[in-house]
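Visitor: If you scroll down you'll find the structure; I have some questions about it.
Every number here is computed from the coordinates shown, using simple stated rules; none is lab data. Just so you know, these numbers come straight off a predicted model, no measurement behind them. Note that each Cβ is placed from the backbone with ideal geometry, even for glycine, and that neighbours are counted across all protein chains shown.
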Amino acid sequence: MKFKKAIVHNWRLYVLMLPALIWLIIFAYYPMYGLLISFKDYKGALGIMGSPWAKPIWKHFAEFFTTSIAGNVIRNTLVLSFLTILFSFPIPIVFAILLNQLNGKRKRKLIQTVSYAPYFISNVVVVSILNVICAPSGFVNTIIKGIIGRPLLLMSSAEYFRTMYIVSNIWQTMGFSAIVYIAALTGISPDYYEAAIMDGATKLQRIRHIDLPLIMPTIIIMLVLALGNVMTIGYEKVYLMQAGTNTQVSEIISTYVYKVGLQNAQYSFATAVGLFNSVVNFLILMAANVVAKKTSDISIF
Amino acid sequence: MSRKKGNDKVFNLVNGLIMVIVCIFIAYPLWYVLIASITDSAIVNSGKLLVLPEKIFLGGYKKILGYKPIWTGYLNTIKYTVAGTAVSIATTVPCAYALSRKDLAGRKLISVLFTFTMFFNGGIIPLYLVINKLGIYNTIFAMILPSAVSVYNLIVCRSFFDSNVPNELVEAAKIDGGNDFDIFFKIVLPISSTIIAVMILFYATSIWNSFMNALMFMGDQEKMPLQVILRNLILSNQASSVLSAGTDMIERMKLAEQLKYGVIVVSALPLLIVYPFVQKYFAKGVMIGAVKG
């Protein structure tokens, strides 16, 4: 009764919320209902409800795991994601800490502003830039030629795909990801530093004993969130970076779903693969959150 | 004591050096593309182009100016960005305010329903089917509706209201007889220009840059945004299609090379020009979001 009264009392607030709620239902939850087709043999004319159930019900999942490509695609997704976290996650932290130690407020501000500019640039432009600067005539190969004497096919060979993906990812996100750490560092009370300086601590010691412990909660939250996106990252950029010659390492689950789903119109099969991806991703997030909660009492929920 | 001071000196020196390298790493690729777009491509191809443009040649830009698909793409992108941003602001900001009100029944549950979609969603095929069912495939709505609300932005916006609209203000307005609409439109919005600027910036960049939505949900070539045109020109190697037939072979190849650089500049420039003026809102938005996470 109390609840009902509260709703009536605040009806205008619900009206303010209505457009977003409608969006939530149509574009976020209704597609989740559409996940049903991964257990059905979807036929457009019959609709989601009318389409017959797959026999057996896990047919499309089984089909995926028996394809020769499944193992490869899953491995590519995991390797690329974890390599990205391994490199793209710590670098912004180091950058934020070092920037924070730089003398001169204006200098700091300027470097920070430059550092997150690439975040504004679209994946299409980033991959286009990669393509021209890493072409045999681009400056990257001019430098490589100077060192090893010959240019490398950086963008088209499978060998370099992951390196190119990760280096450009660092270029795109380093400054942006550093913003939260810089904010956390600026929030540290100067008293700590003054006391440390009195005790004769060097800058490195101050970083180790003041900066790192105090930004650790932020680091943990960001790590859990990064792990929560482990299977979804970079789908657009990976797709753009694919060349016929590198698909053996560049085909990841989400690009594969796009191709079999929208290009070959195998809706049920592609949805099953996508669902598998989402579930694994969600489980990783949950596991990361549990570990964070156990070890440091920090949770994103 | 002096050893410690010496330590710090070395640290400062190494740190300064690292920062210089970081700046070069970030800025040089952009600079290189810019100078390559105005330099004779013979020099670019020889690998001699490093710091300053040489033998200025603007043939590439002349061709770009005359190549219609780029400008159609531009116009489409501007259309989608303006309309999409307006829709996104109109949905996100009022909802964020409502969710920030502690007296809203069900606020926890609704927040969880939104947050859950950040980590789990139906995926592209079910979304594609929804878009088809609604009959908005290949229309402007397919470009702006599926991503109209970003839950991350919603959380950032709610955090802002949480910490910037004091409860007393709302209570006082209620005592004066204002209803929730009056409070939102006449009291809350006027003191929220910062967050609105942040939201416009976040949404506008993401729509301006979006590529996959167009690829999945649009069909006609004439409706494609700039990103798709750019990708076709550079990544699918159709740069020479910009050149009219009749240009001789060598001239063609020379131009095709330079065109790539020029097209990149033309597509990235608007954002990079606006960037210095809006970047402070960008950092602000991230920090508001970081408070709550």
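Visitor: Could you tell me how many cubic angstrom of Cα convex hull volume the protein assembly as shown has per residue?
Guide: Convex hull of Cα atoms, per residue: 195 Å³.
Visitor: Which value, in Å³ per residue, describes the convex hull spanned by the Cα atoms of chain A?
Guide: Cα-based convex hull of chain A, divided per residue, equals 236 Å³.
Visitor: Return B:192, A:156 ranked ascending by Cβ neighbour count within 10 Å, so the fewest neighbours appear first.
Guide: Exposure proxy ranking, most exposed first: A:156, B:192.
Visitor: Once you have the alpha carbon radius of gyration of region A:186-279, what is it after dividing by 2.2 N^0.38 Å, with N set to its residue count?
Guide: 1.86
Visitor: I need B:275, A:239 ordered by Cβ neighbour count within 10 Å, fewest first.
Guide: Arranged by neighbour count, lowest to highest, B:275, A:239 become B:275, A:239.
Visitor: Determine the equivalent ellipsoid of region B:36-189 by diagonalising the alpha-carbon gyration tensor, then write out the semi-axes as square roots of 5 times the eigenvalues, largest first, rounded to whole Å.
Guide: That gives 47, 23, 17 Å for the three semi-axes.
Visitor: Which helices pass in chain B if a helix is a full DSSP H run, must span at least 27 angstrom along its long axis by Cα, and must have mean Kyte-Doolittle hydropathy not below -0.5?
Guide: Result, helices passing both filters: B:2-36, B:68-100, B:249-292.
Visitor: What list do you get for B:22, B:198, B:278 if you sort them by fewest beta carbons within 10 Å?
Guide: The fewest-first ordering by Cβ neighbours comes to B:278, B:22, B:198.
Visitor: Continuing with this model, one more query. Under a no-solvent Debye model with one identical scatterer per Cα of chain B, what's log10 I(q)/I(0) at q = 0.07, 0.10, 0.14, 0.16 Å⁻¹?
Guide: For chain B, the Cα-only Debye profile gives -0.42, -0.77, -1.11, -1.25.
Visitor: Using a 10 Å cut-off on Cβ to Cβ distances, tally the other chain neighbours for every residue of A:127-136 and report the average as a whole number.
Guide: Other-chain Cβ atoms within 10 Å of each residue's Cβ, averaged: 6.
Visitor: Oh, and also: If the chain between residue B:28 and residue B:5 were fully stretched, how many nm would it gain, using 0.36 nm times the residue separation less the Cα-Cα distance?
Guide: Extending this stretch completely gives an extra 4.9 nm.
Visitor: Now for a different question. How long are the semi-axes of the equivalent ellipsoid of region B:100-247, taking √(5λ) for every eigenvalue λ of the Cα gyration tensor, in whole Å from largest down?
Guide: Gyration-tensor ellipsoid for region B:100-247: 42, 19, 13 Å.
Visitor: Quote the FRET efficiency, to the nearest 0.05, computed for residue A:296 versus residue B:65 with a Förster distance R0 of 51 Å and r equal to the Cβ-Cβ distance.
Guide: Approximately 0.35, to the nearest 0.05.
Visitor: Further question on the same structure: Pick from B:209, B:232, B:121: which residue has the top mean-square fluctuation in a GNM of chain B where Cα pairs under 10 Å get a spring?
Guide: Maximum fluctuation in the GNM of chain B, among the listed residues, is at B:121.
Visitor: Give me a single rounded figure for B:101-108: the average over its residues of other chain Cβ atoms within 10 Å of their Cβ.
Guide: 4
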